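I have placed the structure first, in the form of structure tokens, so that the comments after it can refer back to it.
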Amino acid sequence: MSTQAARPKLKSVAVNGERLWHSLMALATIGATEKGGVARLALTALDGQGRDLVVRWASEEDLLVTVDQIGNVFMRREGRNPSLAPIVAGSHLDTQPNGGKFDGNYGVLAALEVVRTLNEHGIETEAPLEVVIWTNEEGSRFVPVMMGSGVFCGAHTLESAYLATDRDGRCVRDELGAIGYAGEETPGAHPIGAYFEAHIEQGPVLEAEATTIGVVTGVLGLRWYDCTVLGTEAHAGPTPMAERRDALQTASAIMQEVVAIARRHAPEGRGTVGMVDVFPNSRNVIPGRVRFSVDLRHADGRTLDAMEGELKAFIARSIQTFGLDIELAQVSHFAPSVFDSGCVQCVEDAARALGYSHRRMASGAGHDAVYVARVAPAAMIFVPCKDGISHNEIEDAKPEDLSAGCNVLLHAMLAKAY
Ligand SMILES: [Zn+2]
């Protein structure tokens, strides 16, 4: 078949949005909560049932199913040239305890809908296509998050993942076996030619701008710190204002600066103080010690360096101004993830060709694609979700947006595989 002659025909191919929606709703009955959400924690019996349903649907499409040792499931549609690395799309099926119907589940079922559409139209691809389910993305029952994709790309060893236990002391190795998803394949031994992940945005930007498609260029890097301010505890009544060494007064100035730094580096800068401990935390005692968390994020590593520099400079000035001891300790960091420019372009080209409003954006949250991007070219497609709410039973998305994201996925995959 001549590729040139066949291409025009492909332009008009579209997914079946109704079928995608019905599949999402059918999957959401497994672990359904009273408020309309889903509680399907990783490697529970419900997770097993959710996987079984998707695998059954894949088998109905004649996909070849393989499972690796950490339970990642690959469902393959053969290409004309089986020796080519497959073009892969998917996400996760596990949810938070108070999760919704779309987080993760959409990415898996959108990939399945791509396959169903191609089968229906009898369209072959040069490279094989695969639908993937990554194990334990949420990290709610077992830590770390993004476990399956993390083991796949070598960020964690299989042994360490197997030993992770839940609150009841049950371990990943046993629970994988219990639901029948302890596979044979060595994680990471599976080639990936390119990877695409469709996902709800989990933030408010697309909805607020009435934009249908987020062309995701990468994921924000993050740095976590603990900041401790040491003052002197004293009685709130007898101590004149000029004589005080008030740790909370100084700490609150630094907290304001954390937010100000992020605003100076808009739109991708983020600055959050989410945890504060005040000692002794008594209403008539001037605080002698305050410890608080700092979370700084940005899509660009050098900008993140600059943000850290601004925070340290402010702290140095605060030490001089207030005369207190202030310590800043970094406790964790993730470098920004920059997606493959070719894959990002495929997503953008597909959105433009299909006439959907779109914008480039960075993801504020982590996803399996972050790890997959370490071993294969990858990109993501975002669609709006209602009020930007996710990790919540009221998480919602419009069928037409989900369908649009799936069409972009279809054409991005075809651009790589055809
Ligand atoms: Zn997710």
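The values are calculated or read from the model by the stated rules, or taken from the named source; none is laboratory data. Nothing here was measured: the structure is a model prediction, and the numbers come from that model. Every residue, glycine as well, gets a Cβ built from its backbone with ideal geometry; the counts of neighbours run over all protein chains shown. Side chains included, ligands, DNA and RNA excluded: accessible areas come from the protein's heavy atoms. Shrake-Rupley method; radii C 1.70, N 1.55, O 1.52, S 1.80 Å.
Computed on the chain, the Cα convex hull volume stands at 152 Å³ per residue. Among beta bridges identified by DSSP and lying wholly in the stretch 17-159, the antiparallel ones come to about 65 percent. The alpha carbons of the stretch 1-147 give a radius of gyration and a Dmax of 16.2, 53 Å, in that order. About its Cα centre, the chain has a charge dipole of approximately 780 debye under the convention of +1 per Lys or Arg Cβ and -1 per Asp or Glu Cβ, with nothing else charged. Estimated from helices alone, the mean residue ellipticity of the chain at 222 nm is -11500 deg cm²/dmol (sum of -39500 (n - 2.57) over DSSP H runs with n ≥ 4, per residue). In the chain, what % of DSSP beta bridges are antiparallel (nearest 5)? So the antiparallel bridges in the chain amount to around 65 percent. Enclosing the Cα atoms of the stretch 221-334 in their convex hull gives a volume equal to 89 cubic angstrom per residue.
With the cut-off at 23 Å, tell me which of the pairs K101/K398; K101/K386; K11/K416; K35/K398; K35/K386; K101/K416 have Cα atoms farther apart than that. Check vs 23 Å cut-off fails for K101/K416. Note that the chain presents 43 Å² accessible area per residue, ligands and nucleic acids not counted, probe 1.4 Å. Within the accessible area of the stretch 221-334, the carbon and sulfur atoms contribute 51%, probe 1.4 Å, all protein chains present.
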